[in-house]
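Any read-out appearing in this document is the output of simple, stated calculations on the displayed coordinates, not a laboratory observation. Only a predicted model underlies this, so the values are computations on that prediction, with no experimental measurement involved. No Cβ is skipped: glycine too gets one built from the backbone with ideal geometry, and neighbour counts run over all protein chains shown.
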Amino acid sequence: MRSIPLPIQRLIREFNKLPGIGSKTSERFVFHLLRQPTAEIEALARSLHELKDTIRLCSDCFTVSENDFCGICENPERSKQIICVVAEPKDVMAFEKTGTYSGVYHVLGGVIDHAHGTGPDQLRIKELLTRVASGGVTEIILATNPDMEGETTAAFIAKQLKDQSSIQITKIARGLPMGGNIEFADEITLGNAMSGRQNI
């Protein structure tokens, strides 16, 4: 690698840190950027800085937002009575693309994964229980991925809510294959999974 300029090597290493990006793809990214006008590179750099400087977590549901409260939580047309529980903000984006859900969300920040040291205390489960305890919630939709960790997380939350007899606890229907990932599902499959949710 001595023949390759250090700035190129460093940027390739940075791209390699992104999920699903290997060395060959990183190299293509870098050499593509080298061909772009300076203004394009500066725009990309500004966008990356803005990402860290302006994006925060919604104080209510913990999805990504530019303000203290996200546009979903602030929307008076969204039903605060229904909370869809998801693992990550990208899952919120996936469900929003379907256009079939009119409630609000609660982002856990991950799933229970003991193999990687993530237990219930590392997730925002207590915050969910606090939202439920504040009143007005009629349904909790458990929408974690249909894999071992997602199912374990959903079962744990359902157990925590078992004393809330006035609240309907549902899971999205299994249009998604076992081991599938919500963020990669198409809008029709996700929409059907949401509309066909089942009581648990």
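Calculate, for THR130 and ARG46, the FRET efficiency according to 1/(1 + (r/R0)^6) with r their C-beta to C-beta distance and R0 30 Å; round to the nearest 0.05.
Using R0 = 30 Å, I get an efficiency of 0.20.
ALA158 versus GLN9, label points 7 Å from Cα toward the beta carbon: distance in nm?
According to this spin-label approximation, the distance is 5.4 nm.
Subtract the Cα-Cα distance of LEU18 and GLN122 from 0.36 nm times their separation in residues, and report this length gain in nm to one decimal.
35.1 nm
Could you list PHE156, PHE31 so that the one with the fewest beta carbons within 10 Å of its beta carbon is first and the one with the most is last?
PHE31, PHE156
Would you mind telling me the antiparallel percentage of the DSSP bridges in region 37-144, rounded to 5?
Taking every DSSP beta bridge with both residues in region 37-144, the antiparallel ones total about 25 percent.
Roughly how many whole Å is it from the C-alpha centroid of region 120-170 to that of region 34-110?
Value for the Cα centre distance between the two parts: 21 Å.
Which whole-number percent is the relative contact order of region 58-199 (Cα, under 8 Å, 6+ apart)?
24
With N denoting the number of residues in the chain, provide Rg(C-alpha) divided by 2.2 N^0.38 Å, to two decimal places.
With N residues counted in the chain, Rg over 2.2 N^0.38 Å equals 1.23.
When the Karplus curve 6.51 cos²θ - 1.76 cosθ + 1.60 is applied with θ = phi - 60°, which whole-Hz ³J(HN,Hα) does each residue of region 56-72 get, with x for Gly and Pro?
Values, residue by residue: 9, 9, 4, 5, 9, 10, 6, 8, 6, 7, 8, 10, 4, 10, 6, x, 6 Hz.
Please give the length that would be gained between GLU183 and MET93 if that part of the chain were fully extended, namely 0.36 nm times their separation in residues minus their C-alpha to C-alpha distance (nm, one decimal).
31.6 nm
Would you list which aspartates and glutamates come within 14 Å of LYS171, measuring only between C-alpha atoms, while excluding same-chain residues fewer than 8 positions from it?
Filter leaves GLU139, ASP147, GLU151.
Taking DSSP loops as anything outside H, G, I, E and B, show the longest stretch in the chain free of trypsin sites (Lys or Arg not before Pro) there with at most 14 other beta carbons within 10 Å.
Result for the longest clean stretch: 36-161.
Helix 89-98: angle to the longest alpha-carbon principal axis of the chain, degrees 0 to 90, nearest 10?
The helix 89-98 is inclined about 70 degrees to the chain.
Could you work out how far helix 6-16 tilts from the main Cα principal axis of the chain, as a 0 to 90 degree angle to the nearest 10?
20
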